[in-house]
Amino acid sequence: MTAAQRFKQALREDRPVAVINADYANAGLVEFLARPELGVDAVMLDAEQGSPDFERIEDMARAARLSGLCVLVRLFSPEPWVIERMLLRGIDGLIVPRLDTAEQARAALEVLRYCHPHDADDKLFVVQIESAAAHANLDDFLAVDGIDAHFIGPVDLSRSMGHRGDYAAAPVQAAVDDILRRSRAAGRAVGTMVKPGDAEQWMARGARFLYFHVNDWLRIGARSFPIARG
């Protein structure tokens, strides 16, 4: 069983998975994150907000595969040419942002299936639910066959709801809980970004796709040394 297949099976079985945003465009970091004692299930290469270009993504994806680690890419655009070019870099799946409708998700899935006619079911396809429009269309997203998980982006969701990044606002948290509840009721995994100390809280709310940023790990590690300040 491949790393991607193990990842998909864990989501189907309602088990939590740890996904690390490597952020820095470095294959050596990916190899380090693959160490078994760290408990990382997948590495996310962030082409939306991070710095890796197509060439670096190919190098980092190769390092992940050779290390037995599932590798996902968050796209900078859901355009067909972007999806195809990313998939040709040897990645295990996509995290697709900036989708407001199920039709957009279906279009992206069609590109994935075109690129992988024989093994599309082994690829991961994660849709970010990060706007009021996407939340309003949640039932339509749930009707799309082939989406492995919904990833909630609470900051962007809060902005689209008029709360200007205040994702702790009660209406935003109510929307997050609604996405979690309805997605899980339909048998679909849900994820979001977690911070040190709140992973258990998110799991209690129903999140299983637990996304961490490598900077949080670096910060914790640095502060554990006696010379650390702050």
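Values quoted throughout were computed directly from the atomic coordinates according to the rules given, and no laboratory measurement underlies them. Predicted, not measured: the structure shown is a model, and the values here were computed from it. Neighbour counts are summed over all protein chains in view; Cβ atoms, including those assigned to glycine, are modelled from backbone coordinates with ideal geometry.
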Legend entry - Subset of segment 121-141 (residues that are surrounded by fewer than 16 Cβ atoms within 10 Å (Cβ to Cβ) and either over 19 Å from F151 (Cβ atoms) or of a type in the set (D, E) (or both)): D121, D122, D139, D140
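Just one of I220, I152 is in contact (Cβ under 8 Å) with a residue 24 or more places away in the chain, closer than 23 Å to A42 by Cα and either exposed (fewer than 15 other Cβ atoms within 10 Å of the Cβ) or among the aromatic types (F, W, Y) (or both); which is it?
Working: I152 fails: either exposed (fewer than 15 other Cβ atoms within 10 Å of the Cβ) or among the aromatic types (F, W, Y) (or both).
Only one candidate qualifies: I220.
List the helices (runs of 4 or more DSSP H) inside segment 90-149, counting only whole elements, that have at least 2 residues being more than 17 Å from the chain's Cα centre (by Cα) and farther than 19 Å from I179 by Cβ. Outline the logic, then answer.
Details: elements: 102-115, 132-136, 138-142.
Helices (runs of 4 or more DSSP H) meeting the threshold: 102-115.
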Inset, instruction - Go through (1) surrounded by fewer than 21 Cβ atoms within 10 Å (Cβ to Cβ); (2) within 20 Å of D148 (Cβ to Cβ) and name the single condition L94 misses. - result: (1)
Legend entry - Qualifying residues in segment 1-60 (those that are in contact (Cβ under 8 Å) with a residue 60 or more places away in the chain and of a type in the set (S, T, N, Q)) - the one surrounded by the most Cβ atoms within 10 Å (Cβ to Cβ): N21
Inset, instruction - Given the conditions (1) touching a residue at least 12 places away in the same chain (Cβ under 8 Å); (2) within 16 Å of V176 (Cβ to Cβ), report the number of the one that R159 does not fulfil. - result: (1)
Inset, instruction - Read through the list (1) closer than 20 Å to E48 by Cβ; (2) surrounded by 12 or more Cβ atoms within 10 Å (Cβ to Cβ); (3) over 15 Å from the mean Cα position of the chain (by Cα); (4) not basic (K, R), then give the number of the only condition that N215 fails. - result: (2)
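Kindly indicate whether Y167 is of a type in the set (S, T, Y), closer than 25 Å to L109 by Cα and surrounded by 14 or more Cβ atoms within 10 Å (Cβ to Cβ). Walk me through how you get there before you give the answer.
Values: of a type in the set (S, T, Y): yes; closer than 25 Å to L109 by Cα: no; surrounded by 14 or more Cβ atoms within 10 Å (Cβ to Cβ): yes.
No.
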